[in-house]
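A short write-up of the structure that comes next.
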Amino acid sequence: MANSAVGVIFSNIHDENIPELSRHRTMASVPFGGRYRLIDFALSNMVNSGIDTVGIVTKYNYQSLIDHLGSGKDWDLARKDGGIILLPPYSDETDAPYTNRLEALKGITGFPNHRNEEYVIISDCDAIVHIDFSAVLRYHEEKKADITMIYHEETEKVDSSYFITLDPDQTGRVRSVKINPAHGGKENLYINVMVMSRKFLLNMIADAMMMGLTSFGRDILTKQVDTLKIYGYKFEGYYAGVNSLQKYYKHSMELLDQDVRKELFGARDIYTKVRDSAPSKYSENAVVKNSLISDGCLIDGTVENSILFRGVKVGKGSVIKNSIVMQDTVIGENVELNCVITDKNVVIRDRRHLSGCEELPYFIAKGRMI
Amino acid sequence: MVARKKECVAMLLAGGQGSRLYALTNNIAKPAVAFGAKYRIIDFPLSNCINSGIDTVGVLTQYEPLELNEYIGNGQPWDLDRAFGGVHILSPYQAKKKSSWFEGTANAIYQNMNFMQKYNPDYVVILSGDHIYKMDYSKMLRAHKETGADCTIAAIEVPMKEASRFGILNTNPDGSIYQFEEKPKEPKSNLASMGIYIFTAQKLFKYLKEDEENQNSSKDFGKDILPTMLNAGEKMFSYRFKGYWKDVGTISSLWESNMDLLGENPAFDVGDSDWKIHSRNPLAPPEYIGDKATVHNSMIALGCEIDGTVEHSVLAAGVIVEEGAVVKDSVIMSDTVIKKGARVVYSIIDENCTIEENALVGQEKKESAGIAVLGRGVKIMKGVSVPGGKILDKDYKGE
């Protein structure tokens, strides 16, 4: 059934939430979990649900994304019909690039227009989640919904100010939608993934343009909640919404929990770009505890409670704790890091001591030498 | 249509059973045997080809080809999925007049003459799928052109006392070969053939045809084609290779070669970014090293979960070492589970094995009779001991 749907992924939409990491890349290409980019989760969920056509909406800074995706073959999405279809912004002398989700959707109408699948799954890239879209599509059909929004019930008090929250009734019908509510509590957080029929999407875009609507959230979801059949699909599994550097750090560290790993990686594969790195090597001096280590690493020091991306080198006598070290970072000898996030290709010279804290991890930008 | 050609095509002999690997090649061809935590033996010649600019490779299979065929697939992991050229599996086939299995290395190539001729090559490289090495075949091809040879044989110096195990080349100071001895009892030199040949294509085709018609020939390169060419006065040169080269056709050499990857300055470095070894990559998250784990001097692939002790070992993707378990001086292939309190020393364990709690596999290298080997999917029951040197391809409850 899921092959009756196409995917649309917004690669840029939450960039401003993590300026540190999205300064030179899209939200979609933010590295996560040792060897992935955020988009790998959205894409893999789609592929694992049988979807083989995915349009990826870009706006700016998308070189790293194009490099990551290549032909799409690593997701089995290099296809004659469909596969990965990059949708860069469309503009001409009368039209500036889009500034909101509705304009972005208008700019890509050619994509849903030329497909014949029944449904469209529209996803952002900020959710770390393993979800079967076949079940969501079944729910959408059963409810005869116009829009099905996937949400996660937060059991603890959360700061929902970056989120959309839903209030579904017993039948699942959403009775109110709040955007960035100021007072967080136990909330049903929308995970920024929704389903609608392709026809509904096209009509909605045409209507919105005709009426001059600009905000998908404010003008459609909140204002038309009584007239549209909006349903909430409750997702019961592990969900991490990455919407700040602190959250990025917190959710990265949650991967050290075996149950989280099992849920995200155990049942199905998460696909990512293949780099042909050699397996990691641990030296005679290596001490590694409670850490995730990607391929291509050379470890000659101590690594605790940390995540090492591909190709990281840790020199003799260095102690890395509670840190996230991204691809090809080189750490010299006798370095100490605690609660540090290094972006790609950082060099930390011998004997440097750097420390942040969990609430405010110390961030080192891409390519910096310290 | 424009006639297209390839200057050089490679033919990779991958049909061997590898019977000296015992349980490890029960159901797979030797080139498909796992090596170095994420590779298979065939990744090395295939990566050497693409890194040397050779993009047309025929892989000749015969013994248990299923897994090898599946692994090579369309050749994409080696960038060998090409519209013209690329990697092709060549299996024995039925022909109108006669059909037969490949009878010897030369016959295997002869039977695939059509494949080579399709590319109208000037040169043909013959490779085998049972060595671990990194070699730039383009340099050897350049030497072949410079000397104007009809056949160039890659050669490496081996210890004199081992020379009688190899095909030995006796050469003049300019590198030309005056004698070729297959496994001589009293070798005159220690220059061993690596089983890597470059032929000028037309000469190769000529001698293959003649050899095929010779009733007394065993249809083997080393025993027939090369001596015949030499006797006929063809120009044959050796090409000296200096570097790591290991035949991994035995349990002990396979073990040693895996161990050669370890250490700060390893004898063989697979992490060399200038000469990448391409492979089909495991789909797995980064490996997890737990709170109670100790990992020293080892190579560990993606998807492993280590809560025990791992020392001087090579672990492939998805291996689980539970708390209190010990792995030492061993090669563990993918998805094997070593349960609590179990101990694996000086062993090679194939894929998907289970070592139940408190079981012992192998003996310390010093006191052991040899390397313990478990074939694919073998289960060692709780508390049972498998002595050193034992080779098992069935579940084991003890003697």
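The values are calculated or read from the model by the stated rules, or taken from the named source; none is laboratory data. Values in this document were obtained by computation on a predicted structure and should not be read as measured data. Please note: Cβ atoms are built from the backbone with ideal geometry, for glycine as well, and neighbour counts cover all protein chains shown. Areas reflect the complete protein model, heavy atoms only, side chains present, ligands, DNA and RNA absent. Shrake-Rupley method; radii C 1.70, N 1.55, O 1.52, S 1.80 Å.
Just a few scattered comments:
- Gaussian network model of chain B, Cα within-10 Å springs - most flexible of B:Phe180, B:Phe205, B:Phe84: B:Phe84
- Net charge over other residues, Cβ less than 12 angstrom from the Cβ of A:Glu153 (K, R count +1; D, E count -1): -3
- For the stretch B:113-237, the orientation-averaged shadow of the C-alpha convex hull comes to 8.3 nm² (one quarter of the hull surface).
- For the stretch B:283-348, carbon and sulfur atoms together expose 45% of the accessible surface, with a 1.4 angstrom probe and every protein chain in place.
- Heavy atoms of B:Arg4: accessible area, 1.4 Å probe, square angstrom to 10: 140
- Check: the stretch A:22-110 dipole with +1 on Lys, Arg Cβ and -1 on Asp, Glu Cβ, in debye: 320
- Peptide B:273-284 - average C-beta neighbours from other chains (10 Å radius): 4
- Charges were assigned to the Cβ only: +1 to each Lys and Arg, -1 to each Asp and Glu. The resulting dipole of the protein assembly as shown about its Cα centre is roughly 1060 debye.
- Comparing Cα centroids, the stretch A:251-306 and the stretch B:319-374 end up 22 angstrom apart.
- Across every pair of non-identical alpha carbons in chain B, the mean reciprocal distance, once inverted, gives a Kirkwood radius of 22.3 Å.
- Cα pair distances in the protein assembly as shown, grouped into 10 Å bins until the bin that holds the longest one, percent each: 3, 13, 20, 20, 19, 14, 8, 3, 1, 0
- Compactness check for the stretch A:109-208: Cα Rg over 2.2 N^0.38 Å is 1.15.
- Under 16 Å from B:Lys242, Cα to Cα: lysines that are on another chain or at least 8 residues apart: B:Lys134, B:Lys139
- Mean projected area of the convex hull spanned by the Cα atoms of the stretch B:160-309, taken over all viewing directions: 13.8 nm².
- Label-point separation, B:Lys382 to B:Lys365 (7 Å along Cα→Cβ), nm: 3.4
- Å² of accessible area per residue within the stretch B:141-282, as computed with a 1.4 Å probe and no ligands counted: 48
- In degrees, nearest ten, helix B:201-213 long axis to first principal axis of chain B (Cα): 90
- Coupling constants for the stretch B:293-308 follow from the phi torsions by the Karplus curve (6.51 cos²θ - 1.76 cosθ + 1.60, θ = phi - 60°), and in residue order they are 7, 10, 10, 10, 6, 9, 10, 10, 8, 4, x, 6, 10, 10, 10, x Hz; glycine and proline get x.
- Space enclosed by the convex hull of the alpha-carbon atoms of the stretch A:18-74, per residue, Å³: 90
- The Rg/Rh ratio of chain A, with Rg taken over Cα atoms and Rh as the Kirkwood radius over Cα pairs, comes to 0.99.
- Using alpha-carbon coordinates, inclination of helix A:198-210 to the longest axis of chain A, degrees: 80
- Cα-Cα P(r), the stretch B:339-399, percent of pairs per 5 Å interval: 5, 23, 33, 28, 10, 1
- Within-14-Å neighbourhood charge of A:Phe10 [Cβ basis; K, R +1; D, E -1]: -2
- Globularity ratio of the stretch B:1-67, using Cα Rg and 2.2 N^0.38 Å: 1.32
- Table column - 3J(HN,Hα) (Hz), the stretch B:177-192, Karplus curve with 6.51, -1.76, 1.60, x for Gly and Pro: 9, 10, 8, 10, 10, 8, 6, x, 5, 10, x, 8, 9, 10, 8, 9
- Computed from the Cβ-Cβ distance with R0 of 41 Å, the FRET efficiency linking B:Glu357 to A:Asn100 stands at 0.10.
- At 0.890 mPa s and 25 °C, Stokes D of the stretch A:25-123 from Kirkwood alpha-carbon radius, µm² per second: 170
- Per residue of peptide B:318-326, the mean number of Cβ atoms on other chains within 10 Å of the residue Cβ is 0.
- When the alpha-carbon atoms of the stretch A:275-370 are used, the pair Rg, Dmax equals 11.7, 35 angstrom.
- Mean partner shielding of peptide A:301-310, defined as the number of other chain Cβ atoms within 10 Å of each residue Cβ, is 1.
- Annotation: amide H-H contacts under 5 Å for A:Ser280 (H modelled 1.01 Å from N, sequence separation of 5 or more, or interchain): A:Gly296, A:Cys297, B:Ile300.
- For B:Lys30, the aspartates and glutamates whose Cα comes closer than 16 Å to its Cα, not counting residues fewer than 8 places off in the same chain, are B:Asp43, B:Glu64, B:Glu67, B:Glu70, B:Asp130, B:Asp247, B:Asp350, B:Glu351.
- Hits among lysines - C-alpha to C-alpha of A:Lys199 under 25 Å, sequence gap 8 or more where chains match: A:Lys59, A:Lys80, A:Lys106, A:Lys143, A:Lys144, A:Lys223, A:Lys229, A:Lys234
- Using the average count of surrounding beta-carbon atoms within 10 Å as a protection proxy, the listed peptides B:93-104, B:157-168 rank, highest first, as B:157-168, B:93-104.
- Shown for the stretch B:274-399: lysine pairs separated by 8 or more places, or found on different chains, whose C-alpha atoms are under 22 Å apart, numbering 28.
- The stretch B:230-309: C-alpha gyration tensor shape, a/c 1.5 cut-off, then a/b vs b/c: prolate
- Charge dipole (debye, nearest 20) of the stretch A:215-287; +1 at Cβ of Lys and Arg, -1 at Cβ of Asp and Glu: 260
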